1. Tally the residues that are in contact with a Leu (Cβ under 8 Å, 6 or more places away or on another chain), farther than 19 Å from residue 244 by Cα and among the β-branched types (Val, Ile, Thr), restricting the search to region 278-302.
2. Take the conditions of a type in the set (Val, Ile, Thr), within 30 Å of residue 28 (Cα to Cα) and without any contact (Cβ under 8 Å) to a residue 60 or more places away in the chain and apply them to residue 206. Does it pass?
3. Residue under question is residue 337, and the condition is that it be without any contact (Cβ under 8 Å) to a residue 12 or more places away in the chain, surrounded by fewer than 18 Cβ atoms within 10 Å (Cβ to Cβ) and in a helix (DSSP H, G or I); does it hold?
4. Across region 160-200, which residue is surrounded by the fewest Cβ atoms within 10 Å (Cβ to Cβ) among those that are hydroxyl-bearing (Ser, Thr, Tyr) and part of a helix (DSSP H, G or I)?
5. If I ask for residues that are crowded, with 19+ Cβ neighbours inside 10 Å and either small (Gly, Ala, Ser) or under 17 Å from residue 82 (Cβ atoms) (or both), which ones from region 131-159 would you list?
6. Run down 300, 223 and say which single residue is among the aliphatic types (A, V, I, L, M), in contact with a strand residue (DSSP E or B) (Cβ under 7 Å, 6 or more places away or on another chain), within 24 Å of residue 179 (Cα to Cα) and in contact (Cβ under 8 Å) with a residue 24 or more places away in the chain.
7. Could we say that residue 260 is of a type in the set (A, V, I, L, M, F, W, C) and without any contact (Cβ under 8 Å) to a residue 60 or more places away in the chain here?
Amino acid sequence: MATAYTPTVQGTGIRASIQRFGGHLAGMIMPNIGAFIAWGLITALFIPTGWLPNKTLAELVGPIITVLLPVLIGYTGGRMVHGQRGAVVGAVATMGVVVGVDIPMFLGAMIIGPLAAFILKYVDRFTAERTKAGFEMLVDNFTAGIIGGAMAIAGVFAIGPIVENITKVAGNGVEWLVSHSLLPIASVIIEPAKVLFLNNAINHGVLGPLGVAEAVKQGKSILFMLESNPGPGLGLLIAYLLFGPRSLRPSTPAAMIIHFLGGIHEIYFPYVLMKPRLILAVMAGGASGILTFLVTGAGLVATPSPGSIFAYMAVTPKGGWFGVIAGIVVATAVSFAVAAALLGFGRANGDQPDKAAQSDSQAGSRTVPAAKEA
């Protein structure tokens, strides 16, 4: 299904298949970007380390990211597959993965929402030819309810635990790289895991505890900076602002503010999902930032939460400003350069020429022959 976020992809090769898959993922996320921005603003403002700490309003943060956003994603994914009926079933099914585990189930919602709608679509085809006149509404409601309930149960006992195990595997991979002093290579796992919304599990579940143990001995730790560096995401968003599809450029300034100043990295993940090849940009930016941190001996005294530039400055040890800032700047520059190249510097974003430009070109094509005739 082609939308403003998932333009039609021509071809059947591996590249086209990856673009089509990424387009479907982005199609589930991008229509809900306003909800992500709302959550980002609430988080940046009202959590204990935010700009305007408020205990009552901060209680919105958890339910929005663990329940509302996954349900919206599942609803949108179901709608893409089977219209409004698929949307309702997708939302019901998503509640299964939401309840089944404690981590935000964005990846689970992307799986179970479209899957439930896909099953309903084929059930509807089967029942449409066998339902007697006058019983259509009854059959439709019961099939949707049965499939939605069954998929919700499957989410609790099957899909949710599977996604949770994927999260654990990613965390174990990062821990292995850290223990073998292969920190720059850790971006190969960290950045794709982040884009699949496993960033909190990686940061607070693996890197945070390891960093605390190291900081106790050395007074600082580079491990706090592996996942939380805002540079790769900022570079990607700048590339989108300058060279991305015109329909998305207006949304990037707000995303940059929320990401870099507010520390809500989730805001840039949909931009990667829309064009999966851009994962290479954030991987390169993350690896270069980590390498810069290593060379300069940078480290933080605690986890910067949220991962904003202000949080970074707040937990930077005295005299360690240069290395921290250098790592962020290098990561931003490398991520921007790679993303800009992958976007073709504005030539490969699939935009249609402006009508004015088309009319000008057509006028030019008409005047040239006329001049020749004259």
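The values are calculated or read from the model by the stated rules, or taken from the named source; none is laboratory data. As the structure is a computational prediction, the values presented were derived from the model and not from experiment. Neighbour counts are summed over all protein chains in view; Cβ atoms, including those assigned to glycine, are modelled from backbone coordinates with ideal geometry.
1. Number of matching residues: 1.
2. Values: of a type in the set (Val, Ile, Thr): yes; within 30 Å of residue 28 (Cα to Cα): yes; without any contact (Cβ under 8 Å) to a residue 60 or more places away in the chain: yes.
Considered against the rule, which asks whether it is of a type in the set (Val, Ile, Thr), within 30 Å of residue 28 (Cα to Cα) and without any contact (Cβ under 8 Å) to a residue 60 or more places away in the chain, residue 206 comes out as yes.
3. Answer is no for this residue.
4. It comes out as 179.
5. Matches in region 131-159: 143, 144, 147, 148, 151, 152, 155.
6. 300
7. Answer is yes for this residue.
Each row is one residue, and each column tells you yes or no for (1) touching a Lys or Arg at 6+ places or on another chain (Cβ under 6 Å); (2) outside the structural domain of residue 207 (by TED's automatic domain parsing); (3) aliphatic (A, V, I, L, M); (4) more than 28 Å from residue 61 (Cβ to Cβ).
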| site | (1), (2), (3), (4) |
| --- | --- |
| 237 | no, no, yes, no |
| 259 | no, no, no, no |
| 295 | no, no, yes, yes |
| 305 | no, no, no, no |
| 315 | no, no, yes, no |
| 328 | no, no, yes, no |
| 332 | no, no, no, no |
